[in-house]
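Report on one structure; see the data block that follows.
The values are calculated or read from the model by the stated rules, or taken from the named source; none is laboratory data. The structure displayed is predicted, hence computed values, not measured ones. Don't worry about glycine lacking a Cβ; one is built from the backbone with ideal geometry, like all the others, and counts go over all protein chains shown. The area values use the complete protein model at the heavy-atom level, side chains included, leaving out ligands, DNA and RNA. Shrake-Rupley method; radii C 1.70, N 1.55, O 1.52, S 1.80 Å.
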Amino acid sequence: MSTPFPNEPLMDFAVESNRESMAATLRRLRAQCPGEVRPLIIGGRAVRTPNILDSVDPSNPDFLVGRVCCASAAEADRAVEAAKAAFPAWRRAAVEERAAVLRRVAVGMRRRRFDLAAWIVMECGKPWREADGDVAEAIDFCEFYAREMVRLRERPRQRHYPGEENFLVYEPCGVAAVIAPWNFPLSILTGMTMAALVAGNTVVVKPAEQSPVIAAALFELLAEAGIPGGVANYLPGLGEEAGRRLVERPDVALIAFTGSRAVGLQVIESAARRRPGQRRVKRVIAEMGGKNAIIVDADAELDEAVAGVVASAFGYAGQKCSACSRVIVLESVHEAFLTRLVEATRSLVVGPADDPATFVGPLIDEEARRKVLSYIEKGKSEGTPALLVECAQTKGYFVGPAIFDRVAPDSPLAQEEIFGPVLAVLGADTFDQALEIANRSDYALTGGLYSRGPAHIEQARREFHVGNLYINRKITGATVDRQPFGGFKMSGVGSKAGGPDYLLQFCDPRTITENTMRHGFAPEEKDEAPSSPRQP
Ligand code: NAD
């Protein structure tokens, strides 16, 4: 038995020196913004483009966090060529060598922990604790996938048979395109990139338009960790141009995508089309959205349920794929629960992410703000507004938390992913009905139950169809290895990130069978024959 995976501890901001370090880091980095225009990195070289992406602070969009070169389709082509050229050598590199790069990146992340968290606060408007959690998860992904790849390599040989030896080996697929979202700007980007790399693939990484500066910081760490030129290529650019081109390239072997359902389905469809010169079926790992529900049972501990729902619905302003956006409450506790929920939500501090007191920060951009405000308008006719927090912030993409009661299970508010601090409260007469409503969704990502009844807990385990089910706790904040993360239905295709099967998706498995019965004698050779095929 191997030792349990040690997750990276979170920063304790109750400790004064940690608070001071974070505040000082924010001041220092802000003084350096926007800095020089950051180039693309293709084949280990800096590449400049005429087009530039400006990355602004969602808490104050007048503040320019950084400027980054913006790749066109032509640079996407160059990046794929560079990754292709680097593939044969990286494929041959020993697993230990590749795993060591990941571990060195983790060391670099620990050393620059405050810097990375501060970039996340500034570029994505993520409050301190959540930003630090993002960095901790990125460190976990590096360490976990390094360890997992070594485990896969060491997996015992397959069953032998008299006169026959069988081996199962895992080989890399080729060039991987990594297309990432902004809402976990470091951890998700790192997770997909490291998984592809440690399995022996070379990568072209396209971060989200909203978070290219944090992605540049990851590439600095990769360079420091000694990643060979061309093995990892940094390609910030527009999704519709650089991202689309990566998906269309005939020589991209696999695509690791995390983002919205609309784009994810487009990626899957486009990748399925065979293009001239294409020699393999592209594999797509697509992690998409959610419309996650928490059921509050008649015997639930209401204080805990309120705290869990508030954290799940309004943490990072509801901009998590795992966020709770529906809460289904059994009639006998509906009013009592709602009253407490409204009071708890009213007390949340809405404000700029730089302020350590902030719980609800800004939304990522103006488009997101407009979309969420339009759902709040619609909500006024689809449910009863129980709380609409006015936001005093004049600058920034802020929207105060909103709670709507008595929302119909089939209304858009209860069915569509909103990705903001908007919560629909639904009623249910029985536990069976609550489960049926919870499952009445295109998505199956996360779900939760607050209950003290063993029979209902057991029933939810069996019948609540979500990728990650949480009982008597919040439904966000999955931890690498402890809660491997990912969904099904319209929430995605692929096996859980941070889990034991994840790396298999980045590999081509090969079975090698040798008939070892001697048929006569071969001439003697000087070199000793290897006793087992070499795992790349
Ligand atoms: P998005 O779909 O808008 O963008 C994701 C990435 O796709 C970005 O890098 C974007 O530039 C790129 N892209 C856009 N159009 C493209 C195209 N035509 N071809 C190729 N690439 C293209 O998503 P987002 O707004 O960045 O992220 C939020 C969404 O991500 C939410 O729906 C959320 O639920 C989901 N998400 C899911 C998970 C999960 O693990 N299931 C985790 C985080 C976020």
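Residue pairs whose Cβ atoms lie under 7 Å apart, separated by 6 or more positions or on different chains, with the first residue in the range 192-206 and farther than 17 Å from PHE144 by Cβ and at pLDDT 95 or above and the second assigned to a strand (DSSP E or B) and among the polar types (S, T, N, Q), are VAL203/ASN233; VAL204/ASN233; VAL205/ASN233. Does the range 275-286 contain any residue that is more than 15 Å from the ligand (Cβ to nearest atom), buried (at least 18 other Cβ atoms within 10 Å of the Cβ) and on the phi > 0 side of the Ramachandran plot? Within the range 275-286, not a single residue is more than 15 Å from the ligand (Cβ to nearest atom), buried (at least 18 other Cβ atoms within 10 Å of the Cβ) and on the phi > 0 side of the Ramachandran plot. Considering the range 321-344, and only residues there that are surrounded by 15 or more Cβ atoms within 10 Å (Cβ to Cβ) and hydroxyl-bearing (Ser, Thr, Tyr), the residue that is nearest to the chain's Cα centre (by Cα) turns out to be SER322.
Looking for something outside the structural domain of LEU116 (by TED's automatic domain parsing), surrounded by 24 or more Cβ atoms within 10 Å (Cβ to Cβ) and over 25 Å from GLN393 (Cβ atoms) - is there at least one such residue anywhere in the range 307-318? Steps first, please.
Filtering the range 307-318 for residues outside the structural domain of LEU116 (by TED's automatic domain parsing) gives 307-318.
This time we only want the ones that are surrounded by 24 or more Cβ atoms within 10 Å (Cβ to Cβ), so: 308-309, 312-318.
Imposing the further condition that a residue be over 25 Å from GLN393 (Cβ atoms) reduces the set to 308.
Yes, the range 307-318 has at least one match.
For GLY230, the criteria (1) outside any helix (DSSP H, G or I); (2) near the ligand (Cβ under 9 Å from one of its atoms) hold in every case but one, which is (2). Residue check: LEU152 meets all listed conditions (1) part of a helix (DSSP H, G or I); (2) under 22 Å from THR476 (Cα atoms) but one, namely (2). Taken together, ALA74, ALA100 contain a single residue that is under 16 Å from THR193 (Cα atoms) and surrounded by fewer than 21 Cβ atoms within 10 Å (Cβ to Cβ), which is ALA100. With the structure loaded, tell me whether THR358 is touching a residue at least 40 places away in the same chain (Cβ under 8 Å) and not in a helix (DSSP H, G or I) or whether it fails that test. Against the criterion (touching a residue at least 40 places away in the same chain (Cβ under 8 Å) and not in a helix (DSSP H, G or I)), THR358 qualifies.
Would you please name the residue that is nearest to the ligand (Cβ to nearest atom), looking only at residues in the range 255-274 that are open to solvent by 40 Å² or more (accessible area, probe 1.4 Å) and in a helix (DSSP H, G or I)?
VAL263
Restricting the search to the range 297-306, which residues are within 18 Å of GLY453 (Cβ to Cβ) and surrounded by 22 or more Cβ atoms within 10 Å (Cβ to Cβ)? Can you show your working first?
From the range 297-306, those within 18 Å of GLY453 (Cβ to Cβ) are 297-305; that's our starting set.
Within the range 297-306, ASP297, ALA300, ALA305 meet the criteria.
Scanning the range 345-358 for residues that are more than 11 Å from PRO401 (Cα to Cα) and surrounded by 13 or more Cβ atoms within 10 Å (Cβ to Cβ) gives GLY351, PRO352, ALA353, ASP354, ASP355, PRO356, THR358. For VAL178, indicate whether it is more than 13 Å from the ligand (Cβ to nearest atom), buried (at least 24 other Cβ atoms within 10 Å of the Cβ) and in a strand (DSSP E or B). It is false that VAL178 is more than 13 Å from the ligand (Cβ to nearest atom), buried (at least 24 other Cβ atoms within 10 Å of the Cβ) and in a strand (DSSP E or B).
Filter the range 202-216 down to the residues that are open to solvent by less than 10 Å² (accessible area, probe 1.4 Å) and out of contact with any strand residue (DSSP E or B) (no Cβ under 6 Å at 6 or more places or on another chain), then identify the one that is nearest to ALA118 (Cα to Cα). Filtering the range 202-216 for residues that are open to solvent by less than 10 Å² (accessible area, probe 1.4 Å) and out of contact with any strand residue (DSSP E or B) (no Cβ under 6 Å at 6 or more places or on another chain), the one nearest to ALA118 (Cα to Cα) comes out as ILE214.
Whenever a residue of the range 384-395 is in a strand (DSSP E or B), its partners that are among the acidic types (Asp, Glu), lying with C-beta atoms within less than 7 angstrom and at least six residues away or across chains, give the pairs THR384/ASP405; ALA386/ASP405.
Take the conditions (1) more than 14 Å from the ligand (Cβ to nearest atom); (2) farther than 17 Å from ILE437 by Cα; (3) in contact with a Ser or Thr (Cβ under 7 Å, 6 or more places away or on another chain); GLY289 misses just one of them, which is (1).
Scanning the range 401-417 for residues that are open to solvent by 10 Å² or more (accessible area, probe 1.4 Å) and within 24 Å of the chain's Cα centre (by Cα) returns GLN415, GLU416, GLU417.
Results for (1) over 22 Å from the mean Cα position of the chain (by Cα); (2) within 26 Å of ARG280 (Cα to Cα), shown as yes or no for each residue.
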residue	(1), (2)
ASN166	yes, yes
ALA208	no, no
ALA215	no, no
GLY239	no, yes
VAL247	no, yes
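Contact map, the range 212-232: residues that are outside the structural domain of ASP57 (by TED's automatic domain parsing) and modelled with pLDDT of 95 or more paired with residues that are of a type in the set (Phe, Trp, Tyr) and buried (at least 22 other Cβ atoms within 10 Å of the Cβ), Cβ distance under 7 Å, separation 6+ or inter-chain. No pairs are found. Taking the range 239-254 as the range and being open to solvent by less than 40 Å² (accessible area, probe 1.4 Å), in a helix (DSSP H, G or I) and more than 6 Å from the ligand (Cβ to nearest atom) as the test, the residues that pass are ALA242, LEU246.
Looking at GLU171, is it of a type in the set (D, E, K, R), out of contact with any Pro (no Cβ under 7 Å at 6 or more places or on another chain) and open to solvent by 10 Å² or more (accessible area, probe 1.4 Å)? Can you show your working first?
Working: of a type in the set (D, E, K, R): yes; out of contact with any Pro (no Cβ under 7 Å at 6 or more places or on another chain): no; open to solvent by 10 Å² or more (accessible area, probe 1.4 Å): yes.
So GLU171 fails the test.
Restricting the search to the range 247-284, which residues are touching a helix residue (DSSP H, G or I) at 6+ places or on another chain (Cβ under 9 Å) and either free of Cβ contacts under 8 Å to residues at least 60 places away in the same chain or in the same structural domain as CYS324 (by TED's automatic domain parsing) (or both)? Matches in the range 247-284: GLU248, VAL263, GLN266, SER270, ALA271, ARG273, ARG275, VAL281, LYS282.
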